[in-house]
1. Determine which member of the set ASP510, ASP432 is modelled with pLDDT of 95 or more, surrounded by fewer than 22 Cβ atoms within 10 Å (Cβ to Cβ) and more than 30 Å from ASN328 (Cβ to Cβ).
2. Determine whether region 291-300 contains at least one residue that is farther than 25 Å from ALA123 by Cβ, touching a Phe, Trp or Tyr at 6+ places or on another chain (Cβ under 9 Å) and surrounded by 21 or more Cβ atoms within 10 Å (Cβ to Cβ).
3. If I filter region 312-333 down to residues being surrounded by 16 or more Cβ atoms within 10 Å (Cβ to Cβ) and among the charged types (D, E, K, R), which single residue comes out as farthest from PRO47 (Cα to Cα)?
4. Which one is surrounded by the fewest Cβ atoms within 10 Å (Cβ to Cβ), of the residues in region 265-290 that are over 22 Å from the mean Cα position of the chain (by Cα) and basic (Lys, Arg)?
5. Mind checking which residues of region 111-124 are out of contact with any Leu (no Cβ under 7 Å at 6 or more places or on another chain) and crowded, with 22+ Cβ neighbours inside 10 Å?
6. Going through region 448-485 one residue at a time, which ones are closer than 13 Å to SER414 by Cβ and not in a loop (DSSP other than H, G, I, E, B)?
7. So ILE387 clears everything in (1) of a type in the set (A, V, I, L, M, F, W, C); (2) touching a helix residue (DSSP H, G or I) at 6+ places or on another chain (Cβ under 9 Å); (3) not in a loop (DSSP other than H, G, I, E, B) except one condition, right? Which one?
8. Quick one: is SER180 surrounded by fewer than 19 Cβ atoms within 10 Å (Cβ to Cβ), in contact with a Pro (Cβ under 9 Å, 6 or more places away or on another chain), of a type in the set (Ser, Thr, Tyr) and under 24 Å from ARG361 (Cβ atoms)?
Amino acid sequence: MGFSGGLIGLARRAPWLVEKIQSIGWLNSLLNEALIDSLIDKGEARPLPFTLWTPRPVGQAQPAKTPEIPVDYISWTSLVDRRFTARHLPPADQAYVDRLPRLDDVLALYKRKAFTPSKTTSALLCFFAQWFTDSVLRTNIVDRRMNTSNHEIDLCQIYGLDAETTAILRTGKGGLLKTSQKGLYPARLTDADAKPLRQFRGLPYLAKLKDGQTLEDEVLGTLNVSTAVKLKRKARLYATGLERGNSTVIYAAISTIFIREHNRICGELARVYPAWDDHRLFHTARNINIVMLLCLVINEYINHLAQSPFRLSLERHFAERKSWYRTNRIAIEFDLLYRWHSLTPNVLSVGGVEIPGNDYRFNNELLERHGVEKLIAAASREPAGRIGVRNNPDFLAQAEWNAQAFARAQRVRSFTEYQVCFHDDVVKSFDDLAGGDVALAAELSKLYGGRIEDVELLVGLFAQHHDDDEVLPGLMQTMVAVDAFSQILTNPLLATNIYCERAFSAIGEDIINSTKSFQQLVARNAAPGTEAEVYASFALHPAGS
């Protein structure tokens, strides 16, 4: 069980004791450090020795009929070129991949026949997870061995991935980001004819690809509506940091809140430090905004996923003394496991009206009609789907196929091998994996020829039994903890010699320390007259409040 399992077990058996411990500042801090460290130690310390690098040079086309062959040796390029995605384990033998069942048969495991709601989790977490991970889990669509990630949680959703993008999104005055409708929404990307506005034509996702399309066109192309409807929605897109910034109304709403917060912070800084120029205001506000996000991810998002009575918090002082304190690098396993398609609800209920998936995707007219506050509150009251097999919506079937096919192409090892890698208890049988679901155990056994050791990582992650009061199955929870905490605590803004008044200002430190929840962030950035509508929660409460 280890230290983390023992402490969480104690927390569940004796919540009164945990409450007492967490009321004693130094003891709570000490146990937080120990618990986080023990969770991260379940994985291997960076640098990970293996990546998706192969000897084929970057930019050189792969021969049409020659499959990419992952390599199982360490190279200098693979260690230092972070454009190549890392991997926790070396590739499996081709013989293992060759005996796997037909992909179509495996994908049938995921199909949603009837929506299974979560008993603990709101749809807001589903949309937040997509918004959050889009910023770091970024596969290069031209060369899937590679990524387009900065490997940091850096709010690139609103600032962009590079300095050129950031400059395009700034007003150049008072440190502010560009907005529309008197600061209530992000700036419009397109005109009434759905053509990109001149000021935004330099955004990287508007550059032409080899097929003549733009990256933004490719993303919008996943929308299953008529050409006329697609064109109408394209005419309402926002200028954001990433190509997927308009993908759902809640995605855009979350970005809107952080844009409003950035501009609000700039106003506070300008009031206290009138001599500061545009650049200092912008960069200080950006630092504050990023660290607020890091705190909220642990305080709310990770704590909800863990469902532990022991509340974790951001403890940064100890990290630099640990062996895992190394440069961040996204791994293929972390990217794959985050395909939480089963969280997605069939509909989003707003004001008593059920809005299906195609209607809340790429539809900023809907966002502006209802308002950011009402839509975030609606998502907070809507149950997410229960994570697991048999619960994926049809409109994400292609995304699921792509993930499974990519895992096989990169010869990702089996589920039980990853249980060993992350020091989790290894399942011994299909009944053990399915946790009493006889039909699922039989279906899995038939698919994998009775060989529990052949179950693929993705299948095992989602098929593994978990109780209704748990958000994530066991290995998935472990892997999320390992990568999430090591990803957050190695952020340069949290380093001892960086985390100071020079980076944030005195007022900035107060803003960071006083911000405890996403609800608080939404409330202080609510549009005038919408204050009573504010409600933001990853937890699903019976009364919705």
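1. Numbers: ASP510 fails: more than 30 Å from ASN328 (Cβ to Cβ).
Step by step, each of ASP510, ASP432 is checked, and only ASP432 is modelled with pLDDT of 95 or more, surrounded by fewer than 22 Cβ atoms within 10 Å (Cβ to Cβ) and more than 30 Å from ASN328 (Cβ to Cβ).
2. First, pick out the residues of region 291-300 that are farther than 25 Å from ALA123 by Cβ: 291.
Subset that is touching a Phe, Trp or Tyr at 6+ places or on another chain (Cβ under 9 Å): 291.
Checking which are surrounded by 21 or more Cβ atoms within 10 Å (Cβ to Cβ) leaves us with 291.
There is at least one residue in region 291-300 that is farther than 25 Å from ALA123 by Cβ, touching a Phe, Trp or Tyr at 6+ places or on another chain (Cβ under 9 Å) and surrounded by 21 or more Cβ atoms within 10 Å (Cβ to Cβ).
3. GLU315
4. Residues of region 265-290 that are over 22 Å from the mean Cα position of the chain (by Cα), as a first pass: 265-285.
Narrowing further to those that are basic (Lys, Arg): 271, 280.
Working: ARG271: 9, ARG280: 15.
Here the answer is ARG271.
5. LEU124
6. If the condition is that a residue be closer than 13 Å to SER414 by Cβ and not in a loop (DSSP other than H, G, I, E, B), then ILE452, GLU453, ASP454, GLU456, LEU457, LEU458, VAL459, GLY460, LEU461, ALA463, LEU475 are the ones that fit.
7. So ILE387 meets the others, but not (3).
8. Values: surrounded by fewer than 19 Cβ atoms within 10 Å (Cβ to Cβ): yes; in contact with a Pro (Cβ under 9 Å, 6 or more places away or on another chain): yes; of a type in the set (Ser, Thr, Tyr): yes; under 24 Å from ARG361 (Cβ atoms): yes.
Considered against the rule, which asks whether it is surrounded by fewer than 19 Cβ atoms within 10 Å (Cβ to Cβ), in contact with a Pro (Cβ under 9 Å, 6 or more places away or on another chain), of a type in the set (Ser, Thr, Tyr) and under 24 Å from ARG361 (Cβ atoms), SER180 comes out as yes.
The values are calculated or read from the model by the stated rules, or taken from the named source; none is laboratory data. Everything quoted here is computed from the prediction, not taken from an experiment. FYI the Cβ positions are ideal-geometry reconstructions off the backbone, even for glycines, and counts take in every protein chain you see.
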